[in-house]
Amino acid sequence: MSRTDDDTWDITEGVGATALSVARARATETGAECPLYLDPYAHFFVEAAVEAGWRSPFLDEDPVRAQAMAAYIASRTKFFDDFFTAAGANGLDQAVILAAGLDTRAWRLPWISGTTVYEIDQPKVLEFKERVLAEHQAKPAARYAAVAVDLRHDWPKALRQNGFDPSIPTAWSAEGLLPYLPAAAQDALFQQIDQLSAPGSRLSVEAFGETFYSAEQLARRQERMAQARRDAVAAGGPELPDVTRLWYMEARTDVEKWLTERGWEVTATSAVDLMAHYKRPAPDDLEDPVPDTVLLDAHKL
Ligand SMILES: C[S@@+](CC[C@H](N)C(=O)[O-])C[C@H]1O[C@@H](n2cnc3c(N)ncnc32)[C@H](O)[C@@H]1O
């Protein structure tokens, strides 16, 4: 499962399956008593994948930790939903969702009229998504363009070929993406976003901090996962993938600082503060309860 420069994946494999895990979390949130948002399509993806043989492994080792992670994903999803809704309210009618996975914002958010939503991800991930949504007669709530390209390749060219217009302001998002990119590809990504962003553009990012990439935290996480995998095997469950092997554990550029230096006005909210804001607080008696991230909301002046 280790990474290579040109690796590709289907929805149930390696990096692709991480999109399924997020969809499963969104399906669970949608069915909760007081959900932060409704994603009526998420459960269709899980069902289709299970039908295709995906054994739906739970990556979290104990119920308290699993609940904390679910609360994190719910808060994160709500943050990006609110970001796009506010961008539309400010007149932005061009959106690009980087590494869209099984995100259904193009189908479920109240886009302003005339909006185009571009989604970038690997070809098989976007094919699976479109097929499942079509099977359930889901219709996009904006003009929709799937841009099937690897974000380590020349994605700006593919985006332009699909009609993207760099002369008008864009609302961008990068959610659940950065650890799956090498550090150099992450740097290139933000340079390209900056070049393609007209003044007035907005960018939302889940940025991972130093602790996330530290050897100490990785060792703790791998130890917990090893125990979870042993427990799963003992209980006759599926072989759990080790998600840490999909990440590039390399020192990263500080995204908030980098954007600020280039004329973006950036607001940063830590994961813990975001969860408290949405009344889904992270447990304070757990080591590493949620990933060390900040959610950035940036505005190009
Ligand atoms: C954890 S999922 C998050 C999906 C989505 N952003 C969400 O929050 O629902 C990670 C996604 O990143 C995509 N991804 C990772 N590396 C990529 C790359 N180099 N090019 C295109 N997509 C990539 C995967 O295919 C997957 O859909």
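The values are calculated or read from the model by the stated rules, or taken from the named source; none is laboratory data. Keep in mind that this is a model prediction, so the values were computed, not measured. Cβ atoms come from the backbone with ideal geometry, glycine included; neighbour counts cover every protein chain shown. These area figures cover heavy atoms from the full protein model, side chains too; ligands, DNA and RNA do not enter into them. Shrake-Rupley method; radii C 1.70, N 1.55, O 1.52, S 1.80 Å.
Distance between the C-alpha centers of region 255-283 and region 197-218? Whole Å please.
9 Å
Can you pull out the GluC sites (Glu not before Pro) in region 105-203 that DSSP calls coil and that have at most 16 other Cβ atoms within 10 Å?
none
Measuring from label point to label point, each 7 Å out along Cα→Cβ, what is the Asp285 to Ile112 span in nm?
My value for the distance between the label points is 4.8 nm.
Can you list residues from other chains, or at least 5 along the same chain, whose modelled amide H is less than 5 Å from the amide H of Val96?
Tyr118, Ala171, Trp172, Ser173
To the nearest Å, what is the center-to-center distance of region 1-40 and region 90-158, using C-alpha atoms only?
15 Å
Determine ³J(HN,Hα), in whole Hz, for all residues of region 168-184 in sequence, where each value follows from phi through the Karplus function 6.51 cos²θ - 1.76 cosθ + 1.60 and θ = phi - 60°; x replaces Gly and Pro.
Result, ordered by residue: 10, x, 10, 9, 10, 9, 9, 10, x, 10, 4, x, 7, 9, x, 4, 5 Hz.
Calculate, for Lys157 and Glu47, the FRET efficiency according to 1/(1 + (r/R0)^6) with r their C-beta to C-beta distance and R0 35 Å; round to the nearest 0.05.
After rounding to 0.05, the efficiency reads 0.45.
Counting each DSSP H run of 4 or more residues in the chain as -39500 (n - 2.57), what helix-only mean residue ellipticity at 222 nm follows after dividing by all residues, to the nearest 500 deg cm²/dmol?
The per-residue figure over the chain is -13000 deg cm²/dmol.
Per residue, how large is the accessible surface of region 14-300? Use a 1.4 angstrom probe and give square angstrom.
Result: 44 Å² per residue.
Once fully extended, how much extra length lies between Lys124 and Gln227, figured as 0.36 nm per residue of separation less the alpha-carbon to alpha-carbon distance?
In short, 33.9 nm is gained.
Roughly how many percent of the accessible protein surface of region 17-96 is carbon and sulfur, given a 1.4 Å probe and a whole-percent answer?
Carbon and sulfur: 58 percent of the exposed surface of region 17-96.
Need one number: nm distance between label points at Thr85 and Thr211, each 7 Å from Cα along Cα→Cβ, rounded to one decimal.
3.0 nm
Which length gain, in nm to one decimal place, applies between Ser167 and Glu33 when the Cα-Cα distance is subtracted from 0.36 nm times their residue separation?
So the chain would gain 43.9 nm between Ser167 and Glu33.
In region 181-234, which GluC sites (Glu not before Pro) are in a loop and have at most 16 other Cβ atoms within 10 Å, using DSSP for the loop call?
Here the GluC sites (Glu not before Pro) that fit, given the DSSP loop and packing criteria, are Glu210.
Checking the table Lys78/Lys129; Lys279/Lys300; Lys124/Lys157 against a 26 Å threshold on Cα-Cα, which pairs fail?
Lys279/Lys300
Mind listing which trypsin sites (Lys or Arg not before Pro) in region 222-301 are in a DSSP loop and have 11 or fewer other Cβ atoms within 10 Å?
Filter output for region 222-301: Lys279.
What does DSSP give for the chain in terms of the percent of beta bridges that are antiparallel, rounded to the nearest 5?
40 percent
Can you compute 3J(HN,Hα) from phi for each residue in region 283-294, using the Karplus curve 6.51 cos²θ - 1.76 cosθ + 1.60 with θ = phi - 60°, rounded to whole Hz and x for Gly and Pro?
In residue order, the calculated couplings are x, 8, 9, 10, 6, 6, x, 9, x, 7, 10, 10 Hz.
If you plug each phi of region 200-213 into the Karplus form 6.51 cos²θ - 1.76 cosθ + 1.60 with θ = phi - 60°, what whole-Hz ³J(HN,Hα) values come out, in order, with x for Gly and Pro?
Coupling constants for region 200-213: x, 5, 10, 9, 10, 9, 8, 9, 9, x, 4, 4, 4, 8 Hz.
What FRET efficiency would be calculated for the residue pair Thr253, Gln137, taking the C-beta separation as r and a Förster radius of 45 Å, to the nearest 0.05?
Taking R0 as 45 Å, the efficiency between Thr253 and Gln137 is 0.55.
Could you identify which residue out of Ala219, Ala271, Ala74 has the top mean-square fluctuation in a GNM of the chain using Cα springs shorter than 10 Å?
With Cα springs under 10 Å in the chain, the top fluctuation among Ala219, Ala271, Ala74 is at Ala219.
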